[in-house]
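Here, each number is a calculation from the coordinates, and none is a lab measurement. Predicted, not measured: the structure shown is a model, and the values here were computed from it. Methodologically, a virtual Cβ is constructed for each residue, glycine included, from the backbone with ideal geometry; neighbour enumeration extends over all protein chains shown.
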Amino acid sequence: MPKVVSIHSYRGGTGKSNFTANLATTLAVQGHRVGVVDTDVPSPGIHNIFSLEPEQAPITLNSYLWGEATIEEAAYDVGGAAGIAEAGRLFLVPSSVKADDIARVLKDGYDVKLLNDGFRKLVKALELDYLFIDTHPGLSKETFLSIAISHVLILILRPDKQDYQGTAVTIDIARQLNVRRMLLAINKAYSSLNFDVLRQKVEETYGAPVAGIFPLSEEVVQLASEGVFCTKFPGHPVSREFAKVAAQITAEG
């Protein structure tokens, strides 16, 4: 049965899109059919990590939401750019980076129910094993939809007081929405921290498992949005941590 995985953070700057791209790629490399939808419509960016230039993607999620195209037409095969050879497949539905399109979304919004329908159509049309939703940071009706329909919700947080407080609010709402499974991922953790102690503290505080702790890595910072880290540095500790998180997702029912 296909799984919907939402990747969310209460604040921007947590590395959410990079996390989504790497986790989705890790599963695709393992032989799964994976789709990614960039629902961060006001500030899209995950297309950069997959080396998909705006001129290469004239049809976007916006096109579907405005009735100008099917959602399948907005899906691009980015497996080659992500370093996926023969095993799996990886598709991306990007959001538009055009200023007029972003302004239109901010001014008029869009039909959230249509987005939900689009997710279902995409899973069926592309025969996906996993659909990843890269959400907009913070809390909104669009975020609530993604959380509510997810089989797995992964919340990204940094070891930072504001992130801790915001994550607490998000977890409370997720539980009210009866999210099926919730995992935490701690990103940009200083190497000087005791990761075992950090994991225990976070799990006790939120009553949710920590799927992975990702150190603040100079190699990750240097690569930035110029590619998918786990395929460029497959033996790196960060890439191995993504493999651990992927294993937890595939092992779940």
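For the chain, the relative contact order comes to 28 percent (Cα pairs under 8 Å, sequence separation of at least 6).
Restricting the count to DSSP beta bridges whose residues both fall in the chain, what percent are antiparallel, rounded to a multiple of 5?
5 percent
At an R0 of 35 angstrom, the distance between the Cβ atoms of Tyr164 and Asn116 translates into a FRET efficiency of 0.70.
Once you order the gyration tensor axes a ≥ b ≥ c over the Cα atoms, which shape class does the range 172-253 get: rounded for a/c under 1.5, otherwise prolate or oblate by comparing a/b with b/c? Judged from the Cα gyration tensor, the range 172-253 comes out prolate (a/c at least 1.5, a/b above b/c). Within the same chain, aspartates and glutamates fewer than 8 places from Lys98 are excluded, and of the rest, those with a Cα less than 19 Å from its Cα are Asp38, Asp40, Glu53, Glu55, Glu68, Glu73, Asp108, Asp134.
Label reach from His236 (point 7 Å along Cα→C-beta): in the range 55-81, amide nitrogens under 20 Å belong to 79-81. With a Förster radius of 25 Å applied to the beta-carbon distance between Ala69 and Asp108, the computed FRET efficiency rounds to 0.90.
Taking 0.36 nm per residue of sequence separation and removing the Cα-Cα distance, the Ile173/Gln30 pair yields an extension gain of 48.2 nm.
Put simply, the Cα atoms of the range 3-251 extend 51, 40, 33 Å along their principal axes, the longest span coming first. If you take the square roots of the eigenvalues of the alpha-carbon gyration tensor of the range 1-83 and sort them as a ≥ b ≥ c, do you get rounded (a/c under 1.5), prolate (a/b over b/c) or oblate? Cα axes put the range 1-83 in the rounded bin.
Scalar couplings 3J(HN,Hα) for the range 164-169, obtained by applying the Karplus form with A = 6.51, B = -1.76, C = 1.60 to θ = phi - 60°, are 4, 5, x, 5, 4, 5 Hz; x denotes Gly and Pro.
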